Amino acid sequence: MDSELLIQIKKLIIVVVVCQLAFMLGVLVYKLLRRLREVKLQRGLLERLAAQFSGHYEPGKKLGYPRATVPLAGYDLNIYYRPRTRYKNASTIIEAGVPGNKDLEFYIYTKSMLSDVAKVLGMQDVEIGQHVFDQKFIVKTNKELVIKDFLNQDLCRHILGLPMRNISMRYEKGRFVLAVQQMLTDDRDYQQLVEAAKLLIPVLGEKA
């Protein structure tokens, strides 16, 4: 093969490799800058939220996401944002220990194609008796009467009024988790989620 052609091929290979490295570096820089923006935003939001409810704020280490702990009628609400991973969607989460009947378990989540398939396969959900709520959410529990008593008309109306998408609630082993599959980006969103928890958790504490 002509030596000049070999030189051109080598140059082309070098250019391709450099371009690939530059692209990979660009992706890494983009992800880093996006994470910096997200961390800065969440730190501001959760710091203000903790101050508003006389709670505790943890800023997180370096590029770590922050957490806020808010006291509520004898319960501590742990509030944080979990970024998207390979296997999990990004979520904003409120969780609290609600001791009581540790045998009680329930999982409530927005209907999706997967939940419809699950119903076909025999994983039946519980109908609460609130038509609009039943149209939007799947409810699974090991104690149907308790969960129907818990999800009264006022609570169902408040949950339906939340503007967030893909809402889920889970209670098992004395721990309650309220989650939305998105990053909240303003104070009002966080306040609405906390207000929902303020309604749900005390009632759950009575029923559990």
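Only residues that are within 18 Å of Phe176 (Cβ to Cβ), at pLDDT 90 or above and of a type outside the set (Val, Ile, Thr): list them for region 54-74, please.
Within region 54-74, Gly55, Arg67, Ala68, Pro71 qualify.
Residues of region 80-106 being of a type in the set (Phe, Trp, Tyr) and in contact (Cβ under 8 Å) with a residue 12 or more places away in the chain, which ones?
If the condition is that a residue be of a type in the set (Phe, Trp, Tyr) and in contact (Cβ under 8 Å) with a residue 12 or more places away in the chain, then Tyr80, Tyr81, Phe106 are the ones that fit.
Can you name every residue in region 193-207 that is aliphatic (A, V, I, L, M) and surrounded by fewer than 18 Cβ atoms within 10 Å (Cβ to Cβ)?
Matches in region 193-207: Leu199, Val203.
Cβ-Cβ under 7 Å, sequence separation 6+ or interchain: first residue in region 189-208 and more than 12 Å from Tyr171 (Cβ to Cβ) and free of Cβ contacts under 8 Å to residues at least 12 places away in the same chain, partner surrounded by fewer than 18 Cβ atoms within 10 Å (Cβ to Cβ) and not hydroxyl-bearing (Ser, Thr, Tyr). Which pairs?
none
Filter region 54-97 for residues that are farther than 17 Å from Glu195 by Cβ, part of a strand (DSSP E or B) and within 14 Å of the chain's Cα centre (by Cα) and give the result.
Listed by number, the residues that qualify are Arg67, Tyr80, Tyr81, Arg82, Ser91.
Checking the conditions here, which among Tyr171, Tyr190, Tyr109 is part of a helix (DSSP H, G or I) and either modelled with pLDDT of 85 or more or surrounded by 13 or more Cβ atoms within 10 Å (Cβ to Cβ) (or both)?
The conditions single out Tyr190.
How about region 7-35: which of its residues are over 29 Å from Pro83 (Cα atoms) and either among the basic types (Lys, Arg) or within 34 Å of the chain's Cα centre (by Cα) (or both)?
Lys10, Lys11
Taking Arg157 as meeting all but one of (1) outside any helix (DSSP H, G or I); (2) closer than 19 Å to Ala197 by Cα; (3) among the basic types (Lys, Arg), write down the number of the exception.
Against the list (1) outside any helix (DSSP H, G or I); (2) closer than 19 Å to Ala197 by Cα; (3) among the basic types (Lys, Arg), Arg157 comes up short only on (1).
The values are calculated or read from the model by the stated rules, or taken from the named source; none is laboratory data. Given the structure is predicted, the values throughout are model-derived calculations rather than measurements. Glycine gets a Cβ as well: all are built from the backbone with ideal geometry, and neighbour counts include every protein chain shown.
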